[in-house]
Every structure is written in structure tokens, then in C-alpha cells.
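Working notes, structure below.
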């Protein structure tokens, strides 16, 4: 069991999906029960792995399971975790578990909905645990289809447009990734990601075994691979200028799906860079780190600035994601231990805080059936408990000291400031603008929705109910706890982060 | 009769079985006077099963040539089994298609079996004369099949277009063949590739050294004929009209069996002339130029096919353009001019078999339900006929090339060979093309599932739905467990030894 625990976490939702498909359409409560169980068991297992099975002090990949899969091309079923992926696996199982009760208000075609949700979890967890590039790609693509239908069938008025845009953008990125994977496979003879990283460390992954001898159109093989992979992942993050699918998808998706999109799917991009892009072409990464940092800063400032101009509550939160994920890229590019830890931490913290924000939007949308920030006012008087939770969520997103977002953003910025490249200091200065904008749009939104004169239309709104509190509570608790005790994440990540920074700086690992 | 003759007959037993089946079908159809076409269909299926059994019996024998022109080898075996499977599938579709009943479907089986016999000789001959004969037998049967709805203008128009384009391209091809004959003094491909000495027959390599232009012209002309058969640009214009006008089972036959036959013959032609073990170095070098030409054709074909498919309102026409695009993908494998490239192309063809047959089966089913082939008419049918609609999504994924399906694995193999052959630009174009194709394939999924549920009731068609579902399961399972198909494609390359 212990050596297969990651496979169980990945595939239990698939068993859940099979069960759901076998149940009749009318047995909705049974379907919900199966979904709860099929997401709860992976959460329990992931928690067990996090606190029990995983050994903290090492950067090694753990709980590795390696089986030959397609022998003709040397693809393996190889899964395992290290400090970088484990927290994201746990976050995935948590958010999917929350996603089930958060979906209870959805009435249309419940059977298909929960079946697709289960399939989505398989794809996401699969990406986080894959150590074989072929397997990684298969999982990467498996999650697209359920996402397409989840947005396209259960989404808002412009759902068809949003769903296909999401699918096309992601696929455009991932086919370039596939070309890179093919080239890497031909050059190295392996799909094994740790082996590829090791080859790259020894400087043996240069495309010398390919026709053309590692050069194409005057550019080096590694440069091509780097940009192809980076764009594939950057679309997912999303980094400016690849972000335009995100506001559409987030706004049109039903609440639980927005939660999963913002909470986890965006992290796949950042995680992909750390696992399967930067360490495989470290030289190219160093060459272009500064360009990445600039993209990161643009995302931070631009995302926050555009959020300031939104009148749609959900769209505002969506753009705040662009801004927050910009820190991740900036932290990576800084190539310091603080920057890298901060960025990895930021991914987790954004996963909890943005998920909480989308749930908050969902609560009010379910009641008022619109999300116009200017259409409310004085809701604090009718829904004081809701207001309290929102305040906590907003402050976590702003990055108030004592809450999780503060730790990760501060670490990222300090790490970037410490970067070997002095120009980063300027970038850090510019990106503080993002913090100001973020505070501005969130506080302004709070003022428009909750403070001021009560809009008489909404005097009768019911207070947030127990189910909604149950969904939000774990996320907000995490925001608080990790603001005070961030080492519950950092200690787990640190050896892997150190190892990665050494690898990427070209030193001896 | 002498022993060699009997041995030769033994080599073409599957062809004989097929011919006997065709004759039996004709007689039975005459005896029942076209009243009981189902019985004719089952007879055809039984004959096909017997042929398949004979083909399996030949499997694993060492390659040989009988009667001096028919190669009995695993490569031919691959395409013959492919054809038998495709014709069998189309027969199942015919059995299920209620709308075809009124057209006296007995002859359908006869014509299709005739076409299959043509394909059998086409893919197994090393002699260009027999190749043309096989091709013509296939073409003539296909023309009549396309015009089968005698009273229907679209069908008649399709047949007419098909005849004109087909006649023209066969003419071009024959002219190329006559040039090749004039240059080398032989119609046998292996002699063209490897004859020694200065007398006749003369090797193409000798001729190439003397004057390259006529050789190039002859090859381009022959390739044009093949390009027509596989509907590659710029000889693809007939495809959408013919595919749309022909009855759907016939379209299925044209898109799957006829196209694969074109690829089979082309692979043998290229393999024997440029890739096989015995060819002279000058020809192998020249082959890489032909490869580049094919790469260009491939890029143009897939791009044109995909871009045109985006705008189609009819699912049938959309599938026609998509089949053009897929011919472009398969050509990647051919332009590698290597054994691995060829085997990747053959793997992709078997993937194409599964997913395209499935998609056409779906089309047939919904034509029966809605009486129309427009994508709009599928709106909201996902909840009315959930099983076949979900299976269709698997085909769409596979056609796009998304894992875990055969289509993805096939594309992966093609990409690997393309990059390995130094055609990375082509691979990037193909990769971007799959993004375009996703857009139009998703329109089908969108109509099925994203629109509000339809009121129309779906007719139960257990045989058809069951068959299509089986294809769908194979599409996914063989995409995860890829060994059988890949091993089959690789072992079928004995023609290159």
C-alpha cells in the first residue's frame, strides 16, 4: 500500500467516476455521496503521506513507483513526489473535496457533472505525481476535456465561448510541449524526468543527437526547447500576454470550477516549469531569466491594474490571479533560495486565498444572481458573518502581515531583491505597485459591496449557510495558520528548493 | 498443372476467396431478386471472414512473389486485412442503414467486394501494370458506388465529378508510368531499383545519372496519381463533393478503405524504389528529395484540409475535409523515407481506421434519427442518445490527437519520425494543425452536449450502436495499451528487406 499510495490517490476518483456512471441518473444523493467519498479518501491519503510517509530532510523523490508502460517507446508509468509536488497534491485533494459540497446547489445533469469532476481530479493529481514525461503529457491533456465540459455545460451565459477558448489556448501550448518532448526523447533516449534533469546537469542535453546537431535556424536546441515548454506552461499560469483565456474561463465557470481553476489549474503551469522545464534546460533558463522576470512584473502590475477597473466581482478576482501568479514567475527568475521558496509558497497560498475569494463570490451570486460590484451596498448589515469571512479572505489576498499571502509575497520580493542581477531591484520596486493596486481594488470592492447605505433590494438576503461556511473554513484557516506557521510548508519544500536552485545556477548538486 | 502454378494459386488464395464471395453475392442477389438484401449482406460478411482467415493463415510466411508480379508478404497482408476489416465494417453499416434499403442494396456488396479485389492486387504488386489494373478496378467500382442513389442529383453529381477527376489522374499516372517504362525498359519496381548493367532492363539510378529531368517528371506524374487517390493537395478537390454526395456507407468506404489502399500502393512504390535494402545509393539519395516533396505536400494538405473544415456546416463535409487533413498527417511518415517512418504511417492508418469508421458510424446513426447531416441537427442529442454521443467524443479526441487514444499515439509516432528525419518544421506545422482541428471537432461535441436537450427521440439501433461503441473502446484501449497495433505495423515492413 505504501509504495502505491500515490497511484491510489490518483486513481480513486476514477473508481468513483465508474461508480457514478453505473448509478442511475435519479439517484442524485447517492452520486453526491460517492463523489464525497471518492474525494475524501485521496485527501486522507494525501494527509497521511504529508505527515506520515514523507521524509522531510531530503530532496530525493519519494514513494516512487516505476512500471514499464509502452515498452516500444520506453514510456514508463513512473510516479513519485518531492517537496515541490507534495503540497500541491495535498492542495488538489483538498480543493476537489471542497468542490463537491460546493457543487451541491448545481441541479442540471448532476451525474455527468460529478463524473467529470472525478475525471478532472485524476488528470490534475496525475500531472503532479508523474515523473515520466510521456505520462505527464497524457495526464496534462486528460484534464482538458472535463474542464471543457464543466465550463461549457454548467457555466454562465458566454460559457461556450469561454470553454472553447480555454481548450484552444491550453492545447496550443501543449502541442508545442509535445514537440519538445519528442525532441528531448530523441536526443536523450528517455522520458524519465529525473534522468533528463541529470543529463542536463552534465551538459549532455544539447540536441547533439538530432539532425542538425543541436541548432535550428541559428538558435540552439535548448533555446527552442525552453521557449516551447515555457510558453506551454505560461499559458496555464497564465503569464501576461497569454492570460486572455483566464478572465473568460473564470467568469463563466460555475463557482466550484472557478475554485479549482484558480486554486489548482494555474499551479500546474508554475509546477510544470519547476519540474519539467527549467531544470531540463538550465542554461537557457539562466539566459532568459531576466525576460521571465519582466513578464512576471508585467503580470503583477497589469493584472492588479486591470482588476481595479472591473465592475464584475468575479472578473476582478480573476484578474487578481494574474497579478498573484506574477510573483511566482518573478520568484523563479530571481534564482535565489528565498525567491524560489517564496514562489513555491505563493503557489500554495494563492491556491487557498483565491479559492476562498471565488467561493465568496459564489455565495453572493447564488443569492443576488448578479455580480455587479456597484449593484450592492451595505451588505455588512444583512450578512455580518459573511462579511467577516470576506474580510479575512480579502486581507489574505492583499497580503496583510499575519496572513499567508504576506509571507510568500515578502519572501518572493526579498529573494528577487537579493538576485545576482542588480536590475532585479528595480523590478521589485515596480512590482510593489502591484501590491498597492491590489489593496486598492480589494478595499474599494469591500466598500462598494459591504459598506455604505444598504441597498433596499437586498435587505432580505439570507446569511451564509453552514454548507458554505464548511467549504470556506478550511481555506481561510489555512490562510491564517500558514501566515503564522509557514514552516509547515517551508520545511517540506526546502531541500527540494535548495537542490533546484543549485541545479539551475549551474553549480554542483 | 505444374507445382509452381499451384503454389502461386495458393499465394493468392485470399484473392480467390474474395472473388468467389463476390460471385456468390451476385448470384444470391439475383436469386432473391433484390428482395432480401440482409441475407446478401450476411453472405458478404461470411466471405470476408473466410478471406480474413486465409490472410491470417498466410501471416508469418516468408515473403515471396508469385506469377512474377504478385508479392505475397506481410506488408500486403497488413493492407489486405485492413481492407477486409473496412469492407466488413461498411457492410455492417449497410445492414444497419434503413435509408439504403430502398436502393436495392444487393449490388452494394458486389461493387464493394469488386473494389476490395482491386485493392488486394494494388497493394501486393510490384508490377506497375498490375498496379494500374488494381487501381482501375477499385476506381470503377467506386464510381458506381458514389452514384448509387440514381435519382439523387447530389449523388449523380458526385459520381460524375469522381469519374472525371479519376479519369484525368489515372491518365496522368499512366503517362508517368509509360515514361518510367521508356526510361528503364521494365514495369517491375524491383528491377527499376536494382537492375545491374547497361542493357535493358536498366536501373533508374543509371538513368538518373544520365539525365535527371525525365526521371523527375515521370516520378512527379506517378505521384500525382497517388496524390489523387489519397486526396492530397493539390489533387484533393474532388473529395468534399464526392464524400458529401455519395451515400454515407459509400463515403465511409472511400474515406477508409480506398484511401488506405492508395497509401498502401504508394508505400510499396516508394519503398521498392527508394528505401528497400537492395536499392542503389543514388536512388536512396534521390529518395530524400522525393521525401522533401512529400513533406511539402503533407504540410499543404493538412493545413488546407483543416482550415476548410472549420467552416463546414455539414458533418459529412467536415469529415471529408478532416480526412484530407489526416492524409496530410500520414504523409509525414512517408516523407521520412525510412522504415520507421513507414511503420509510423501504417500505425496511423490503423488509428485512422478506428476513429474515422467510428465517426462515420455516428454520422450514419444520426442521419437515421434526424434525416440530416448538418451539425446543427445534432443539437442537444447528447442526452437523447448518450452512449453513442460519448463514444463520439472519444473519436473526436482521437481525431484531434489527444491522449489517451490511438490518434494521439499515432501522431506521437509520426512526430518522432518527423523530428528524427530532420523535418521538425513539418512537425511544428502538424502540431499547430491539431489545434485548428480541435476547434472544428469540438463543434460537434458542443452541438451534442452544450445545447439544451433535444425533444427528438433517438431510434434504438443496437447493432450499429454496439459496433460503434466497440470501435470507441478500441480507440481508447489501444491508445493506452499500444503494443498490438504497433507490433503489427512494424512486422508488416518486410518489403523493405
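The values are calculated or read from the model by the stated rules, or taken from the named source; none is laboratory data. As the structure is a prediction and not an experimental result, all values here were calculated from the model. FYI the Cβ positions are ideal-geometry reconstructions off the backbone, even for glycines, and counts take in every protein chain you see.
What to note about this one:
- Residue check for residue B:389: surrounded by fewer than 24 Cβ atoms within 10 Å (Cβ to Cβ), farther than 19 Å from residue B:242 by Cα and without any contact (Cβ under 8 Å) to a residue 60 or more places away in the chain: no
- Only a single criterion out of (1) buried (at least 22 other Cβ atoms within 10 Å of the Cβ); (2) over 23 Å from residue B:304 (Cβ atoms) is not satisfied by residue B:372, namely (1).
- Residues of region B:104-160 that turn out to be at positive phi and without any contact (Cβ under 8 Å) to a residue 24 or more places away in the chain, as a count: 0
- One residue from A:63, A:88 being under 26 Å from residue A:482 (Cα atoms) and in a strand (DSSP E or B): A:63
- From B:176, B:166, residue being in contact with a helix residue (DSSP H, G or I) (Cβ under 6 Å, 6 or more places away or on another chain), free of Cβ contacts under 8 Å to residues at least 60 places away in the same chain, crowded, with 18+ Cβ neighbours inside 10 Å and closer than 23 Å to residue B:224 by Cα: B:176
- For region A:215-232, the count of residues that are more than 14 Å from every other protein chain (Cβ to nearest Cβ), farther than 19 Å from residue B:427 by Cβ and surrounded by 20 or more Cβ atoms within 10 Å (Cβ to Cβ) is zero.
- Counting only helices (runs of 4 or more DSSP H) that sit completely within region B:148-264, those holding 2 or more residues that are touching a strand residue (DSSP E or B) at 6+ places or on another chain (Cβ under 9 Å) correspond to B:189-194.
- Condition met for residue B:424 (at the interface with chain A (Cβ under 10 Å from one of its Cβ atoms) and touching a helix residue (DSSP H, G or I) at 6+ places or on another chain (Cβ under 8 Å)): yes
- Total residues in region A:482-509, condition surrounded by fewer than 14 Cβ atoms within 10 Å (Cβ to Cβ) and not in a loop (DSSP other than H, G, I, E, B): 3
- Qualifying residue in region A:103-111 (condition: away from every other protein chain (no Cβ under 11 Å), under 21 Å from the mean Cα position of the chain (by Cα) and farther than 30 Å from residue A:222 by Cα): yes
- With respect to the conditions (1) away from chain B (no Cβ under 11 Å); (2) part of a helix (DSSP H, G or I), residue A:145 falls short on a single one, namely (1).
- Any hit, region A:443-458, residues being more than 20 Å from residue A:379 (Cα to Cα), in contact (Cβ under 8 Å) with a residue 60 or more places away in the chain and surrounded by fewer than 17 Cβ atoms within 10 Å (Cβ to Cβ): no
- Index of the failed condition, residue A:204 passing every other in (1) under 22 Å from residue A:277 (Cβ atoms); (2) buried (at least 21 other Cβ atoms within 10 Å of the Cβ): (2)
- Members of region A:67-78 that are touching a residue at least 24 places away in the same chain (Cβ under 8 Å) and more than 8 Å from chain B (Cβ to nearest Cβ): A:69, A:74, A:75, A:76, A:77, A:78
- Selected residue (criterion: modelled with the lowest pLDDT) from residues of region B:111-147 that are closer than 20 Å to residue B:14 by Cβ and not in a helix (DSSP H, G or I): B:126
- With respect to the conditions (1) closer than 20 Å to residue A:138 by Cα; (2) facing chain A (nearest Cβ under 7 Å); (3) without any contact (Cβ under 8 Å) to a residue 60 or more places away in the chain, residue B:450 falls short on a single one, namely (1).
- Applying a threshold of 7 Å to beta carbon distances and a minimum spacing of six or more residues, or different chains, the list of pairs starting in region B:463-480 at a residue that is in the same structural domain as residue B:354 (by TED's automatic domain parsing) and ending at one that is buried (at least 19 other Cβ atoms within 10 Å of the Cβ) and not in a helix (DSSP H, G or I) reads B:475/B:405; B:476/B:404; B:476/B:405; B:479/B:403; B:479/B:404; B:479/B:405; B:480/B:404.
- Complete set of residues in region A:184-206 that are at pLDDT 90 or above, assigned to a helix (DSSP H, G or I) and within 14 Å of chain B (Cβ to nearest Cβ): A:184, A:185
- Those residues of region A:148-179 which are at the interface with chain B (Cβ under 10 Å from one of its Cβ atoms) and outside any helix (DSSP H, G or I), in sequence order: A:155
- Flag for residue B:445 being closer than 13 Å to residue B:362 by Cα and within 9 Å of another protein chain (Cβ to nearest Cβ): yes
- Counting only helices (runs of 4 or more DSSP H) wholly contained in region A:368-471, the ones carrying 3 or more residues that are under 26 Å from the mean Cα position of the chain (by Cα) occupy A:384-398, A:404-417, A:423-450.
- Residue that is farther than 30 Å from residue B:304 by Cα and more than 8 Å from every other protein chain (Cβ to nearest Cβ), where the choices are B:492, B:437: B:492
- Meets criteria (out of contact with any strand residue (DSSP E or B) (no Cβ under 6 Å at 6 or more places or on another chain) and crowded, with 22+ Cβ neighbours inside 10 Å) for residue A:141: yes
- Subset of region A:1-44 (residues that are within 22 Å of the chain's Cα centre (by Cα) and without any contact (Cβ under 8 Å) to a residue 60 or more places away in the chain): A:8, A:12, A:40, A:41, A:43, A:44
- Candidates B:401, B:418, B:466, B:407: the one that is more than 10 Å from every other protein chain (Cβ to nearest Cβ) and closer than 19 Å to residue B:351 by Cβ is B:407.
- Sole residue being over 17 Å from the mean Cα position of the chain (by Cα), within 30 Å of residue B:284 (Cβ to Cβ) and more than 9 Å from chain A (Cβ to nearest Cβ), chosen from B:345, B:339: B:339
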